[in-house]
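The values are calculated or read from the model by the stated rules, or taken from the named source; none is laboratory data. Nothing here was measured: the structure is a model prediction, and the numbers come from that model. Cβ coordinates were reconstructed from backbone atoms using ideal geometry, including for glycine residues, and neighbour counts include every protein chain displayed. Ligands, DNA and RNA are stripped out before the accessible areas are found, and what is left, the full protein with its side chains, is counted by its heavy atoms. Shrake-Rupley method; radii C 1.70, N 1.55, O 1.52, S 1.80 Å.
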Amino acid sequence: MNEVLVIGGGIAGIQAALDLAEMGLRVHLVVRAPSIGGRMAQLDKTFPTNDCSTCILSPKMVDCARHSNIVLHTYSEVEAVSGRAGAFGVRILKHARHVDEALGTGCGDCALKCPRKVPDEFNLGLDQRRAIYLYFPQAVPMVMTIDPMHCTYLTRGKCGLCQQICPT
């Protein structure tokens, strides 16, 4: 089976992945953020129609996550590319979420107990989030991520409230 790589999980990357997958290609979608969605996920309305951006984006995100020909590589980066046209090899660096993606449900109970607040980069620092967080409410995949730079347990070995409260 032919495989392709799409770098970037914004609306263009999602649509490209869906189109290529429908053509029967195996698609690897790599996005640096903990979720696909890109800038469009941060918008309220789209120009020029003034349509709800989430209403357009969310179904495509879900379709992308459920498509059997698409492999999501969220919270990841392309580290190296080798080969030549038509025969590429790619090394992908997957950042640690510090949360088991197979067990995480995105319920947010852990974030409610987390004592550490930091500026929320998804909202451009206009509000705060916890050290364990869901990237945004409609995130795909809906898995919490622990910020290793701000988590008290990871930086000082103290706390662990999120682990204690998590039912899974």
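Solvent-accessible area per residue for the chain at a 1.4 Å probe radius, Å²?
Result: 59 Å² of accessible area for each residue.
Of the lysine pairs in the chain, how many meet both conditions: Cα atoms under 26 Å apart, and a spacing of 8 or more in sequence or different chains?
Close lysine pairs found across the chain: 6.
Hey, rough spin-label estimate for Leu161 and Gln42, points 7 angstrom out along Cα→Cβ, what's it come to in nanometres?
2.8 nm
I'd like the distance between the alpha-carbon centres of the range 9-34 and the range 102-168, rounded to an integer number of Å.
One Cα centre to the other: 26 Å.
Give me the net charge for the shell around Asp19: Cβ to Cβ below 13 angstrom, other residues only, Lys and Arg +1, Asp and Glu -1.
-1
Which residue, Cys151, Cys114, Cys55, has the most motion in a Gaussian network model of the chain that connects Cα atoms within less than 10 Å?
Maximum among the listed residues: Cys55.
Could you sort Leu57, Leu20, Leu161, Leu126 by their accessible area in this structure, using a 1.4 Å probe and putting the largest first?
Per-residue accessible area, sorted high to low, gives Leu126, Leu161, Leu20, Leu57.
Pick from Gly106, Gly89, Gly24: which is most flexible by mean-square fluctuation in a GNM of the chain where alpha carbon atoms under 10 Å apart are linked?
Among Gly106, Gly89, Gly24, the largest mean-square fluctuation in the Gaussian network model of the chain belongs to Gly89.
Taking θ as phi - 60°, what are the ³J(HN,Hα) couplings along the range 63-70 by the Karplus curve (6.51, -1.76, 1.60), each to the nearest whole Hz, with x for Gly and Pro?
Those phi angles translate into 4, 5, 5, 8, 5, 5, 9, 10 Hz.
May I ask for the net charge around Arg116, where only other residues with Cβ less than 13 Å from the Cβ of Arg116 are counted and Lys, Arg are +1 while Asp, Glu are -1?
+4
Using θ = phi - 60° and the Karplus form 6.51 cos²θ - 1.76 cosθ + 1.60, what ³J(HN,Hα) does each residue of the range 153-168 get, whole Hz, x for Gly and Pro?
For the range 153-168, the Karplus curve yields 5, 6, 8, 10, x, 10, 3, x, 4, 4, 5, 5, 7, 5, x, 9 Hz.
Calculate, in nm to one decimal, what Met142 and Arg32 gain on full extension: separation in residues at 0.36 nm each, minus their alpha carbon distance.
38.1 nm
Just to confirm a number: summing +1 for Lys and Arg and -1 for Asp and Glu over residues other than Tyr135 whose beta-carbon lies under 14 angstrom from that of Tyr135, what do you get?
With Lys, Arg at +1 and Asp, Glu at -1, the neighbours total 0.
Express in nm, to one decimal, how much length is gained between Arg66 and Val4 on full extension, taking 0.36 nm for each residue of separation and deducting their alpha carbon distance.
20.6 nm
If I take all pairs of Cα atoms in the range 22-168, what percentage of them are more than 18 Å from each other?
The calculated P(r) of the range 22-168 puts 64 percent of pairs beyond 18 Å.
Compare the Cα positions of Thr155, Leu72, Tyr133 along the charge dipole of the range 49-168 (+1 at Cβ of Lys, Arg; -1 at Cβ of Asp, Glu; about the Cα centre) and return the one farthest towards the positive end.
The Cα lying farthest towards the positive end belongs to Thr155.
First obtain the Kirkwood hydrodynamic radius of the range 13-85 from its Cα pairs, then insert it into the Stokes-Einstein equation at 20 °C and 1.002 mPa s, and state the resulting D in µm² per second as a whole number.
159 µm²/s
Out of residues 5 or more away from Val99 or on other chains, whose amide H comes under 5 Å of its own, with H placed 1.01 Å from N in the peptide plane?
Here Ile146 satisfy the definition.
Using the Cα centre of the range 75-164 as the reference point, and only Cβ charges (+1 on K/R, -1 on D/E), how large is the resulting charge dipole? Debye, rounded to the nearest 20.
Magnitude of the dipole: close to 260 debye.
Tabulate in residue order the Karplus-calculated ³J(HN,Hα) for the range 16-21, using 6.51 cos²θ - 1.76 cosθ + 1.60 with θ = phi - 60°, rounded to whole Hz; enter x for Gly and Pro.
So the Karplus estimates, Gly and Pro as x, are 4, 4, 5, 5, 5, 5 Hz.
Ignoring everything except DSSP H segments at least 4 long, calculate the 222 nm mean residue ellipticity for the chain; use -39,500 (n - 2.57) per segment, divide by total residues, nearest 500.
So the calculated ellipticity at 222 nm is -6500 deg cm²/dmol.
How far apart, in nm, are two points set 7 Å out from the Cα along the Cα-to-Cβ line at Thr152 and at Arg91?
Here the modelled spin labels are 3.8 nm apart.
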